[in-house]
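> Below: one structure in structure tokens.
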Amino acid sequence: MATCQKCGTETSDNEKYCLKCGEQMDNGRSYLIVNIITIAAIIIGFIMPFVFIFALIPAVYLYTRPVNSVKQRGKLYIIVTLLLFVIMLIVWSFIDHLI
């Protein structure tokens, strides 16, 4: 529980503002660090899809080869790349809850 410095009301640690007087709560979290992490998450979120697209190019190339062992390796690379892409989307969608 956090205590408002202005009116003394106790609120939960998740509250940004006091429920009684509206004063901004100091929960010990550095908002600068949170902002830097959020900006980094946004940048990574915009860059990573392009990285995964470029990773799919050689995987699709391998998959289109006539040799069966190479084709299987290409299929494996495609599956791994798509799974990592889905994991990245899940993490990126919940980044606000992780911070």
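> Can you run down the residue pairs with Cβ atoms below 7 Å, 6 or more apart or on separate chains, where the first is in region 38-50 and on the phi < 0 side of the Ramachandran plot and small (G, A, S) and the partner is open to solvent by less than 90 Å² (accessible area, probe 1.4 Å) and at pLDDT below 75?
Close Cβ pairs satisfying both conditions: A41/I95.
> Could you say which residue among V80, V86, V70 is surrounded by 14 or more Cβ atoms within 10 Å (Cβ to Cβ), out of contact with any strand residue (DSSP E or B) (no Cβ under 7 Å at 6 or more places or on another chain) and among the aliphatic types (A, V, I, L, M)? Please lay out each step first, then the result.
Working: V80 fails: surrounded by 14 or more Cβ atoms within 10 Å (Cβ to Cβ); V86 fails: surrounded by 14 or more Cβ atoms within 10 Å (Cβ to Cβ).
Matching residue, one of V80, V86, V70: V70.
> Are any residues in region 57-99 outside any helix (DSSP H, G or I) and among the hydrophobic types (A, V, I, L, M, F, W, C), and if so, which ones?
Scanning region 57-99 gives V67, F94, I99.
> Mind checking whether some residue in region 33-56 is at pLDDT 85 or above and in a loop (DSSP other than H, G, I, E, B)?
no
The values are calculated or read from the model by the stated rules, or taken from the named source; none is laboratory data. None of these values were measured; they are calculated from a predicted model. Every residue, glycine among them, receives a Cβ derived from its backbone with ideal geometry; neighbour counts consider all protein chains shown. Accessible surface areas use protein heavy atoms only, side chains included; no ligands, DNA or RNA. Shrake-Rupley method; radii C 1.70, N 1.55, O 1.52, S 1.80 Å.
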